[in-house]
Amino acid sequence: MRLPFAALCLSSVLLAGAPSQAPAQDAAPQAGTTDAEEAVPDPGTGDPWVDTWLADVDLYAARYRDAFVDEVARYQAAPRALVEQLLDEAGMRAGDVYFACAVGRALGRPCREIAAHWRRDRTGGWAGVLERLAVEPGAEPLVRVKRGLVASYDRWARPIRLDASLRRAFPDRET
């Protein structure tokens, strides 16, 4: 009788120390988080909401690269080869690629041109690039980029929290 009891105790101890096998959730960023996701650099667009979600785009694209590339190629009208080149050879983060292509589309200019502006001089971040392109904070092109991010998150079936301006633009949404 001692052996089965000893085996039971040993298995209990081993199971108690085993790490959880629950799958990691693909959660959206949370305000005030302190985990590794917070270590993603701020894209520096000048809009805290956009910066939060572009940092999350980096996380999404790291896990679902093909879906990310498809999204930018299809909905931001960027050549697939360019999107891949910007990610691989140019060393741009996915959020930067998304933003460059979304801004380009909103301005009626090629993604390649907007990405070149960013790659040439990153000292002012995206806010500096937008200033050089004469795009004012809150201007219509940036509103279109924000709405496009919401649409992308919907297609990715990924949760996104809306800021006040987007809640007005999407009154039927719960978030």
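Quick rundown of the values:
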item	result
Qualifying residue in the stretch 44-51 (condition: without any contact (Cβ under 8 Å) to a residue 60 or more places away in the chain and crowded, with 19+ Cβ neighbours inside 10 Å)	yes
Candidate set from the stretch 153-175 (those that are aromatic (F, W, Y) and part of a loop (DSSP other than H, G, I, E, B)); member that is nearest to W53 (Cα to Cα)	W156
The stretch 133-142 - residue that is free of Cβ contacts under 8 Å to residues at least 60 places away in the same chain and surrounded by 13 or more Cβ atoms within 10 Å (Cβ to Cβ) and, of those, nearest to Y98 (Cα to Cα)	P141
Residue satisfying condition, being in a helix (DSSP H, G or I), crowded, with 21+ Cβ neighbours inside 10 Å and in contact with a helix residue (DSSP H, G or I) (Cβ under 7 Å, 6 or more places away or on another chain), within set V145, V150	V145
Residue within the stretch 81-97 that is over 21 Å from L162 (Cα atoms), in a loop (DSSP other than H, G, I, E, B) and either of a type in the set (S, T, N, Q) or over 17 Å from the mean Cα position of the chain (by Cα) (or both) present	yes
Filter result (over 11 Å from the mean Cα position of the chain (by Cα), at pLDDT 95 or above and small (G, A, S)) within the stretch 30-76	A67, A73
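The values are calculated or read from the model by the stated rules, or taken from the named source; none is laboratory data. On a predicted model such as this, the values are computed, not experimentally measured, just so you know. Using ideal geometry, Cβ is built from the backbone for each residue, glycine included, and neighbour counts are taken over all protein chains shown.
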